[in-house]
Amino acid sequence: MKTFQDFTLHTHTIGFDGRNTPAEMVARARELGMTTIGISNHFIVHPDITKTMFYPHAVRGGYDAIYSSSFDEVIAKFKPHYAELNKLADKYEMNILRGMEVDFFEYPEWRIGFERALKILKPDYIICASHFIEYDGMLRNVHDFVNTDMINRDKMLGQYWKKLARAAETCMFNWMAHLDLPKKVGVGRENRWIGREHETMQAIAKSKTPIEINTGLYRPACDEPYPSPRILKMAAAKNIPVLFSDDAHAAAQIGRHFTRAYDLAKSCGVSKFLSCDAAVRSR
Ligand SMILES: [Zn+2]
Ligand SMILES: [Zn+2]
């Protein structure tokens, strides 16, 4: 089996919240005939991260290692991880890239800390994600959007979309991940969100930041990738470039649903597909 996009850049490994080692991920990508694999573990730094409603779930699930309270902590995690990737890159003929999936935050020290981390770690590319928002003085995970009333849920979702727009406007990221993430908990699928989505897509287009089509969602209750066809149509109309991400948390998930997602993208009018080089250079 060969996948039509011969690279994958959004993947996770053991030690963070993935289930396989980098070596196992590389082996699977090679088996699929890919030319490049990038490993992009979570880079999530917030001083209040352990106080969120969601944190105990992460501890129970055994993946709290993806959260850091300080930049020193996250740098200490990524240094040996990137050293391991460098070693693998020397061993295989395949391109092995060092990425990160970064939660963009707006507390005052975040930007300074992030830029310091970039100087030390020198990632090959940075994916922008937003698994959290700061709302009403508290940090909330997207999963927490459902643990509240309708009014607060709508306000949170409104803030989520605005935050994505501001993240794109920084032009710090290679591309935007899973744009309509809240739909994983069933939030935001109604047509009344089109206006808000449209404004964010406008900001993304203006910043010239590409987006990914993330095939990690496809499930019976929501049989589509991130983002939805209606957002893909906006991306097509605004000429926003796209790439495909499997968001693999296990080797068996590499390249999942790529062909299906490609067919969907084409049917939505998307025609600007990024090469691997262009994805890595897009920052
Ligand atoms: Zn993510
Ligand atoms: Zn991911």
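Go through (1) open to solvent by 10 Å² or more (accessible area, probe 1.4 Å); (2) away from ligand 1 (no atom under 16 Å from the Cβ); (3) at pLDDT 95 or above for ASP247 and report which single condition fails. (2) is the only condition that ASP247 fails.
What are the residues in region 143-163 that are of a type in the set (Val, Ile, Thr), closer than 21 Å to PRO56 by Cβ and open to solvent by 50 Å² or more (accessible area, probe 1.4 Å), if any? Matches in region 143-163: VAL146 only. When ALA265 is tested against (1) more than 16 Å from ligand 1 (Cβ to nearest atom); (2) open to solvent by 10 Å² or more (accessible area, probe 1.4 Å), only condition (2) is not met. Can you confirm whether MET25 is in a loop (DSSP other than H, G, I, E, B) and in contact (Cβ under 8 Å) with a residue 60 or more places away in the chain? Here the answer is no, as MET25 does not meet what is asked. Screening the candidates GLU199, GLU224 for the property of being farther than 16 Å from GLU101 by Cβ, open to solvent by 40 Å² or more (accessible area, probe 1.4 Å) and in contact (Cβ under 8 Å) with a residue 24 or more places away in the chain yields one hit, GLU199. Condition check: more than 16 Å from ligand 1 (Cβ to nearest atom) and either at negative phi or outside any strand (DSSP E or B) (or both). Does ARG260 satisfy that? Spelling it out, ARG260 is indeed more than 16 Å from ligand 1 (Cβ to nearest atom) and either at negative phi or outside any strand (DSSP E or B) (or both).
Listed here are the residues, each with its yes/no results for (1) within 15 Å of the chain's Cα centre (by Cα); (2) open to solvent by less than 10 Å² (accessible area, probe 1.4 Å); (3) within 14 Å of ligand 1 (Cβ to nearest atom).
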site: THR11; (1), (2), (3): yes, yes, yes
site: ASP17; (1), (2), (3): yes, no, yes
site: ALA27; (1), (2), (3): no, no, no
site: HIS42; (1), (2), (3): yes, no, yes
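Of the residues screened, ILE14 is not one that is in a strand (DSSP E or B), touching a helix residue (DSSP H, G or I) at 6+ places or on another chain (Cβ under 9 Å) and at pLDDT 95 or above. Checking the condition open to solvent by less than 30 Å² (accessible area, probe 1.4 Å), farther than 19 Å from VAL280 by Cβ and not in a loop (DSSP other than H, G, I, E, B), which residue from ILE112, ILE96, ILE75 passes? Testing whether each residue is open to solvent by less than 30 Å² (accessible area, probe 1.4 Å), farther than 19 Å from VAL280 by Cβ and not in a loop (DSSP other than H, G, I, E, B) leaves just ILE75. If you go through region 29-40 and keep only what is open to solvent by less than 40 Å² (accessible area, probe 1.4 Å) and part of a loop (DSSP other than H, G, I, E, B), you end up with LEU32, GLY33, MET34. For region 175-195, the set of residues classified as more than 16 Å from ligand 2 (Cβ to nearest atom) and buried (at least 19 other Cβ atoms within 10 Å of the Cβ) consists of VAL187, GLY188, TRP193, listed by residue number.
When region 41-69 is filtered for residues that are in contact (Cβ under 8 Å) with a residue 40 or more places away in the chain, among the polar types (S, T, N, Q) and out of contact with any Leu (no Cβ under 6 Å at 6 or more places or on another chain), only ASN41 remains. If you take the residues in region 130-149 that are assigned to a strand (DSSP E or B) and free of Cβ contacts under 8 Å to residues at least 60 places away in the same chain, which one is farthest from the chain's Cα centre (by Cα)? Residue satisfying both the conditions and the ranking: TYR135. Counting the residues of region 125-142 that are within 18 Å of THR200 (Cα to Cα) and open to solvent by less than 10 Å² (accessible area, probe 1.4 Å) gives 7. Cβ separations smaller than 6 Å between residues 6+ apart or across chains give the following pairs from region 252-263 residues that are touching a residue at least 24 places away in the same chain (Cβ under 8 Å) to residues that are not in a loop (DSSP other than H, G, I, E, B): ILE254/THR8; ILE254/ARG28; ILE254/ALA29; ILE254/ALA248; PHE258/PHE244; ALA261/ILE213; ALA261/PHE244.
The values are calculated or read from the model by the stated rules, or taken from the named source; none is laboratory data. The shown structure was predicted, so the numbers you read here are calculated from the model rather than taken from an experiment. In this analysis, Cβ positions are derived from the backbone assuming ideal geometry, glycine residues included, and neighbour counts consider all displayed protein chains. These accessible areas exclude ligands, DNA and RNA; they are computed on the full protein's heavy atoms, side chains included. Shrake-Rupley method; radii C 1.70, N 1.55, O 1.52, S 1.80 Å.
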